[in-house]
Amino acid sequence: MSDDRRKKRAESARTAALFLLYSSTAAACLQPNPSYDDSSLSGSESGETTLEGSTTTTTTTTTTTTAATSSAGESESATGTSAGTSAETSAETGVEPGVCGDGQLDPGEICDDGNADDADGCLNCLLPKSCAEILTLAPASPSGPYHIDPKGSGAPWPVTCDMDKDGGGWTGFSVQDTCNGHLDSAVVALKKAESEGIDRECRPFSFYANGGEYAYYWDITFPPGFSAFFLRGYEVKGLGDVELKYPQVLWEKASEWPNGSLSLGNASDAGPLTNWAADGGMIESFFDGQILPYPAQDLTFELGQGSDTLRIGWGEIGQNPEGLFPWWSGQIFVR
């Protein structure tokens, strides 16, 4: 074989080999890329995204979509679990649990004002009945004005809470709260005066113009109960010639010639815990219309047992015109 023929045969063989190699490589490079070619798999509807961008975007999008789907699935599953729990709770208790603080009155909630104000009469979706309950539910509560609902009426009203004195939790109410529907109270005459009554500010009074004797007690009910009390800014007002020199021991005996008395204590006890004369009140006669502070202010009186009724007792005996407003102004604090 000539050299020329050998050269031509070798070139043909090399050409065929190169063609086969090219064809094999091209075939491998032309395999479909589902992530790019099938937009439904990538979540991309744009044909302008490059393959690298599309792959990245697809991976990210797919991952994000998967994560979102997974998250939604978990959320749905959690919701389903929560709903199942709620259903079980509802089946067991008959009450659908609500979210306290969403501003909606859900089953099982007494109130829901949708705010974080502990003083407005709705605390933890409850209507607090006393300052002691407020302090239990919110231990950091400072002293000041709060709304409470001692009778469970559904209409909280304002009181003063002392959250500092002797551990706090003291509910302070005024004389006006004794006849305006806030607290129930009753005035009982053991011996009636010539004139008696309750003024527009809820203040009972008794008076005789021509001499004689009278005896009263005034029971004020605080439904949550209490075991101690103190007075703050508490004042009385005299009518005529008032003499409170008798240190009362029993509720039934409010005077001893020629002196009367003023006392406070537990209605369930036989006698008072504090008395005007015994606790240092002015023993000279009041002049007509004189207003004086009770002698024992901010002094705690312990009942020794629980009670829900505070009693104020007073009486006089004598020949002169005499009378008294036993609680003119100020507050009584109970806990």
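Read-outs: derived from the displayed coordinates by stated rules, not from any lab. Please read all numbers here as calculations on a predicted model, not as lab measurements. Ideal geometry is used to build each Cβ from the backbone, glycine not excepted, and the neighbour counts take in all protein chains shown.
Some notes on this structure:
- Added length on full extension, which subtracts the Cα-Cα distance from 0.36 nm per residue, Ala270 to Asp117: 50.9 nm
- Length gained when the stretch Asp102-Glu256 is fully extended (0.36 nm per residue, less Cα-Cα span): 49.2 nm
- Surrounding net charge for Pro158, when Lys and Arg each add one and Asp and Glu each subtract one, Cβ distance under 12 Å: -3
- Of Lys151/Lys253; Lys151/Lys245; Lys165/Lys245; Lys191/Lys245; Lys129/Lys245, those spanning more than 27 Å from alpha-carbon to alpha-carbon: Lys151/Lys253; Lys151/Lys245; Lys165/Lys245; Lys129/Lys245
- Inter-label distance, Glu235 to Asn210: 3.3 nm, where each label sits 7 Å from its Cα along the C-beta direction.
- By the Kirkwood approach, averaging reciprocal distances over each pair of separate Cα atoms, segment 203-256 gets a hydrodynamic radius of 14.2 Å.
- Likely footprinting exposure, Leu303, Leu262, fewest C-beta neighbours within 10 Å first: Leu303, Leu262
- Distance from segment 216-287 to segment 132-190 (C-alpha centre basis), Å: 22
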